[in-house]
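Read the structure below first, then the notes.
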Amino acid sequence: MRDLRKNGRTEQRTTEPRTPMPLPFVEEQLPNGLKIVIEIMPHVKSAACGFLVRTGARDETPALAGVSHFLEHMCFKGTPRRTWRDISVEFDEMGSHYNAFTSKSRTFYHGWVRAGDIERQTGLLADMMQSALPPDEFDMEKGVILEEIAMSNDQLEQLAYHLLHEKVFAGGPMAWPVLGYEETVRALTREQMREYFLRRYVPDNMIFIAAGNLDASQTVAAVKRLCDGWTPRGVTGNGVRTPPAFHRGTAVRQVERFNQQAILLAFPAASARDEQQEESAALAAILGGENSRFYWNIVQTGIAPRASVWHEDYEDCGLMILYGIGDPENAEKLAEAMQREAIEITTKGVTEQEVQRVRNKRRTQLAAEAEAPYYRLLQIMDDVDYRGHPRTIEERLERVNRVTADSIAACLKRFPITDDGYFVSVGPRDWPPV
Amino acid sequence: MSQLIHRHLSCGIEFAAEVLPGRPTAALEIRVLAGAAHDPADRLGLARLVEETLDKGTTRRSGRELLDAFDAIGAQRSSATGRDTTAFGCVCLPEFLPQAIELHAEMLRTPTFPEEACRVAIDLAVQELSALEDDPQALTDKLMDRQAYGPFLGRHPLGEKETLQQIRRADIVRHWQTTFSAGRLLVSVAGPVDPERVADCLEKCFAGFGSPQSNGREAQPLVFSAVRTHHPKELEQEHIGICYPGVPVTHADYPVERVLIGVLAGGMSGRLFTEVREKQGLVYWVGAWHEHPRNAGMIHLGASSTPENADKTYRTLLREVDRLSDDLLESEVDRAIVGITARTETRGDITRAHCSELAADLFHYGHPVPIAKKLAAVQAVTVPAVKRYLAEHPRDRLSVVTLGPRALAADAGGE
């Protein structure tokens, strides 16, 4: 175990969250490569834990599009020791808030319980990582996935989001939706999934994370007991991934059954590991968060009911996505307004007052995170997966405090949002002409 | 240990606080006893327009200046218009709670409702109604509410296009004048707070804000319609909404109903998830929940599936409710009780959750109820109690809405 907390204290201000704070991180790695990261939060009554598997859509081949997500469902369907019923009953016997999600680059299984149940939940989650992929359940679950795809296809925002990624990351595995396509999911066999599972669900490609009011040595001992026998395969998620190329252009998908038109503009942005990641996040907040330029100059001028900006970051790439949804006849006005704001913030920069607002809100957000093990779990997962180490709340606050108007200007210079990005339009109008 | 305080302030506010020492945040919720049910019939959408325009300027600050002032204390704000109330929530660092209260008072008491902001809010509400048509789940909920809750509680907060077009700034101002007063405010706070100081702050900030007389506490009528309607829409899935009357939060059987909902949908081992999704693969989403306007309750079942699976999904949903009377297991009840208890306790680490619980208590009971007391009532529920509930509250009158490419089969049953 080693203490990752920095010795030096950051400047204390009255507006910083002062008490109570978690204790230092505990970090270990088993001989088979499984990483363990634990944060003790003595001031809470609950605890959360999860297994991160560094596998997602970007680790699939085109023919296997959707296998990571389908596999996530199958991990709830049975192990050599438990049936699907045993798994769900045991989670519910603890009253856990539990779930799993799959993204382009990771799959995370997690649960949040009363502190006394953390070891039991750890055992259950560890067992799920040794899924039997029960053959009898495979076709049944395939039906569930196809229903999920149908549900996603009925949502305008999902269609627009998928089209954007399909175009921006064309030709690579970041292009297809995490759910896969109806055709690839239908064609997928259990044998193909099993081969993928054996290759990716290995301890040297996984991280166990826990946060809350727990005993670190007991938790580490439990993980060792449960996972020591897992066999490594020399997989390193980072090593086999290639940074995706960013494509520029325009794509339109006319879908007449929708009332609204969705407009998305995407530009390359800082990756999660980039030194300017925090600047990118601050820029997104100033341009398109609450009380932002988009809010006052697009929404509150009546151009569109929804307009926002978010920074989507991965380990090796990032996107700045400008988003708006509104009446189709306003599509030109909406797109112009989004581009106008991008030009304005690039040419004139942001003000120190805008930056200070971001800092102030982040302080409250971090204070709220400090009281909720589940929120901490998700943040630690993000830090450990993308940055290689967990960050304390003070470290993150200190980094936010270093964002300035000048550093955001430097970020905009490096990652411009005024040149040709990718423009996507989805809705009843076949606009703009391509 | 936490400490609960409840007080009627002389300014008219009903105030409750839960003192949680050592917490890093404080939470505030102000509920105004005026929601969509209080809208004039020819001006539906008015309560939400008041909510939307309150922060667009005060006698002291412009809208931007007001939001900047909230940002200066790092306030995480939220607001929502519901059936019977309009709620304003805020999470901040504890030392900023007095400023958060002062800013809310400024916003609620001295809004200027700029003409242009009102025009834009009305226009955006019309656009939001159009956007709602693109969200099948939200649209199903809207259709279900209108059908099952009747002309008052069944209103959607956005209103209707025709009624929105009738609304002018003067209507928004008049509605605010009519429905916003200290006597209609329920205020709850939670965190490391000094309740006396908070009460003093509220007295100072809200003294003379309209009538201090308690008002807006009458229940709006729930007019239930047991009908099945289909709303054709080009979609890949059919959305199914079912509901039938339950009991109010204040009813002695409310804890039993909580357990019943837990048995049906408390987790992946719940009846609906098990029977509809795990055993048959008919859906991705299936759920059961209950909603509670003042002095009323409604049990909801919902799912979405491709049209070829819709009839089977519908029949399974009803079958599972029906057979509970015959084969409910003690282990299911025990799991539901543990689920409610454990999830309440884990959420208890979040200060905001305590504040929301207090706000709901003030609304339904008129006073805070210790969480331990509510959980004790749940923990006392038994299999016979659930079966008695099912016998006394049968699902013999159903309101059913389907949205999608085709209606349920005529013999799908249910009514």
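The values are calculated or read from the model by the stated rules, or taken from the named source; none is laboratory data. Predicted model, so just to flag it, every value in this text is computed and none were measured. Note: ideal-geometry Cβ built from the backbone for every residue, glycine included; neighbour counts use all protein chains shown.
Structure values in brief
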quantity: Leading residue by the ranking (farthest from the chain's Cα centre (by Cα)) among those in the stretch A:225-251 that are assigned to a loop (DSSP other than H, G, I, E, B), at pLDDT below 95 and closer than 21 Å to residue A:199 by Cβ; calculated: A:231
quantity: Meets criteria (in contact (Cβ under 8 Å) with a residue 40 or more places away in the chain, within 14 Å of chain A (Cβ to nearest Cβ) and part of a helix (DSSP H, G or I)) for residue B:52; calculated: yes
quantity: Qualifying helices (runs of 4 or more DSSP H) (wholly inside the stretch B:63-154; at least 3 residues being closer than 28 Å to residue B:231 by Cβ and in contact (Cβ under 8 Å) with a residue 40 or more places away in the chain); calculated: B:115-132, B:136-153
quantity: Residue in the stretch A:170-184 that is among the aliphatic types (A, V, I, L, M) and either in a helix (DSSP H, G or I) or not assigned by TED's automatic domain parsing to the domain that holds residue A:106 (or both) present; calculated: no
quantity: Hits in the stretch A:185-224 (condition: in a loop (DSSP other than H, G, I, E, B) and not hydroxyl-bearing (Ser, Thr, Tyr)); calculated: A:188, A:202, A:213, A:214, A:215
quantity: Candidates A:208, A:258, filtered to the one that is crowded, with 19+ Cβ neighbours inside 10 Å, farther than 27 Å from residue A:344 by Cα and under 19 Å from the mean Cα position of the chain (by Cα); calculated: A:208
quantity: Filtered residues of the stretch B:55-80 (kept if more than 14 Å from every other protein chain (Cβ to nearest Cβ) and either out of contact with any Leu (no Cβ under 9 Å at 6 or more places or on another chain) or aliphatic (A, V, I, L, M) (or both)); calculated: B:59, B:80
quantity: Exclusive hit being assigned to a helix (DSSP H, G or I) and in contact with a helix residue (DSSP H, G or I) (Cβ under 8 Å, 6 or more places away or on another chain), set B:301, B:235, B:317, B:282; calculated: B:317
quantity: Count of the stretch B:90-126 residues which are basic (Lys, Arg) and either farther than 25 Å from residue B:175 by Cβ or more than 13 Å from chain A (Cβ to nearest Cβ) (or both); calculated: 1
quantity: Unique match (being surrounded by 22 or more Cβ atoms within 10 Å (Cβ to Cβ), of a type outside the set (Ser, Thr, Tyr), part of a strand (DSSP E or B) and modelled with pLDDT of 95 or more) among A:403, A:424; calculated: A:424
quantity: So residue A:356, is it among the polar types (S, T, N, Q), within 14 Å of chain B (Cβ to nearest Cβ) and assigned to a helix (DSSP H, G or I); calculated: yes
quantity: Of the criteria (1) out of contact with any Phe, Trp or Tyr (no Cβ under 6 Å at 6 or more places or on another chain); (2) part of a helix (DSSP H, G or I); (3) within 22 Å of residue A:295 (Cβ to Cβ), which one residue B:162 fails; calculated: (3)
quantity: Restricting the stretch B:202-253 to residues that are over 18 Å from residue B:153 (Cα atoms) and among the aliphatic types (A, V, I, L, M), the residue that is surrounded by the most Cβ atoms within 10 Å (Cβ to Cβ); calculated: B:240
quantity: Which listed residue, of B:403, B:375, B:317, is surrounded by fewer than 22 Cβ atoms within 10 Å (Cβ to Cβ) and either farther than 30 Å from residue B:218 by Cα or of a type outside the set (Asp, Glu) (or both); calculated: B:375
quantity: Given (1) part of a helix (DSSP H, G or I); (2) touching a helix residue (DSSP H, G or I) at 6+ places or on another chain (Cβ under 7 Å); (3) not small (Gly, Ala, Ser), number of the condition residue A:164 does not satisfy; calculated: (2)
quantity: Subset of the stretch A:138-164 that is of a type in the set (D, E, K, R) and without any contact (Cβ under 8 Å) to a residue 40 or more places away in the chain - its residue that is farthest from the other protein chains (Cβ to nearest Cβ); calculated: A:139
quantity: Pair list, Cβ < 9 Å and 6+ apart or interchain, from the stretch A:328-349 residues that are surrounded by fewer than 16 Cβ atoms within 10 Å (Cβ to Cβ) to residues that are outside any helix (DSSP H, G or I) and charged (D, E, K, R); calculated: A:329/A:429
quantity: Qualifying residues in the stretch B:378-387 (those that are part of a helix (DSSP H, G or I) and touching a residue at least 24 places away in the same chain (Cβ under 8 Å)) - the one surrounded by the most Cβ atoms within 10 Å (Cβ to Cβ); calculated: B:386
quantity: Residue match in the stretch A:223-232 (condition: under 15 Å from residue A:60 (Cα atoms), surrounded by 14 or more Cβ atoms within 10 Å (Cβ to Cβ) and not polar (S, T, N, Q)); calculated: no
quantity: 3 or more residues more than 23 Å from residue A:391 (Cα to Cα), out of contact with any helix residue (DSSP H, G or I) (no Cβ under 7 Å at 6 or more places or on another chain) and within 14 Å of chain B (Cβ to nearest Cβ): qualifying strands (runs of 3 or more DSSP E) within the stretch A:36-132; calculated: none
quantity: Identity of the residue in the stretch A:23-57, of a type in the set (Gly, Ala, Ser) and buried (at least 21 other Cβ atoms within 10 Å of the Cβ), that ends up nearest to residue A:129 (Cα to Cα); calculated: A:50
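Table: residues versus (1) closer than 30 Å to residue B:303 by Cα; (2) crowded, with 17+ Cβ neighbours inside 10 Å.
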{"site": "B:81", "(1), (2)": "yes, yes"}
{"site": "B:108", "(1), (2)": "no, yes"}
{"site": "B:117", "(1), (2)": "no, yes"}
{"site": "B:121", "(1), (2)": "no, yes"}
{"site": "B:151", "(1), (2)": "yes, no"}
